[in-house]
Amino acid sequence: MIVDVVSAVLFLTGAVFALTAAIGIIRFPDTLTRMHAATKPQTMGLLLLLLGAIVRMADSVDVWMLVLAGLFAMLTAPVVAHRVGRVAYQEQRLRDSTIARDDMESGARD
C-alpha cells in the first residue's frame, strides 16, 4: 500500500515536471531559455518517473536498466545543452538582451 502511494506521487511529480518543460519549450522566446526548459525540468521529470518505476518494481531485475537509463540521461543532457547553446551563439540567434557581456568573444577576460 505504501509503495503504491510513493510510486504514484513520484509518477505525478515527474509528469508535472515533464509537462512544465514542454510548456516552457513552446512558450519561451529564444534558444537559451528553451534550452533551459528542455534540459533541467525534463531531466528531473524523467528521473522522478524512473524512480517511481524503481519503487514500484523493486524486486525485478529490470531495475538496473532503469538506473542505467537515468544515468545516461544525467550524463547526456548537459552535453546536448552545451552544444545547442554553442551553436545558437555561433549562429547569432540569441536576443541581445539575454547576455550581459560577451564571454565567448576572443580576448574577453575577467
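Figures for the structure shown
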read-out	value
Cβ-Cβ under 8 Å pairs, at least 6 apart or on other chains, the stretch 2-17 side of a type in the set (D, E, K, R), far side part of a helix (DSSP H, G or I)	D4/R56
Subset of the stretch 1-38 (residues that are among the acidic types (D, E) and closer than 28 Å to V55 by Cβ)	D4
Scan of the stretch 35-49 for residues that are open to solvent by 50 Å² or more (accessible area, probe 1.4 Å) and either over 11 Å from the mean Cα position of the chain (by Cα) or of a type in the set (V, I, T) (or both), ordered by number	L49
Test: residue in the stretch 15-31 that is open to solvent by 90 Å² or more (accessible area, probe 1.4 Å), β-branched (V, I, T) and either modelled with pLDDT of 85 or more or part of a loop (DSSP other than H, G, I, E, B) (or both)	yes
Unique residue being crowded, with 16+ Cβ neighbours inside 10 Å, out of contact with any Gly (no Cβ under 8 Å at 6 or more places or on another chain) and within 28 Å of T33 (Cβ to Cβ) when the list is A81, A53, A69	A81
Matching residues in the stretch 84-97 - criterion: being surrounded by 12 or more Cβ atoms within 10 Å (Cβ to Cβ) and modelled with pLDDT of 80 or more	V84, G85
The stretch 11-34, residues that are among the charged types (D, E, K, R) and more than 13 Å from the chain's Cα centre (by Cα)	R27, D30
Residues satisfying the stated conditions in the stretch 1-12, i.e. in a helix (DSSP H, G or I) and surrounded by fewer than 16 Cβ atoms within 10 Å (Cβ to Cβ)	I2, V3, D4, V5, V6, A8, V9, L12
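The values are calculated or read from the model by the stated rules, or taken from the named source; none is laboratory data. Fair warning: this is a prediction, and the values are worked out from it, not measured in the lab. All Cβ positions, even for glycine, are placed from backbone atoms using ideal geometry, and neighbour counts span all protein chains on display. Ligands, DNA and RNA are stripped out before the accessible areas are found, and what is left, the full protein with its side chains, is counted by its heavy atoms. Shrake-Rupley method; radii C 1.70, N 1.55, O 1.52, S 1.80 Å.
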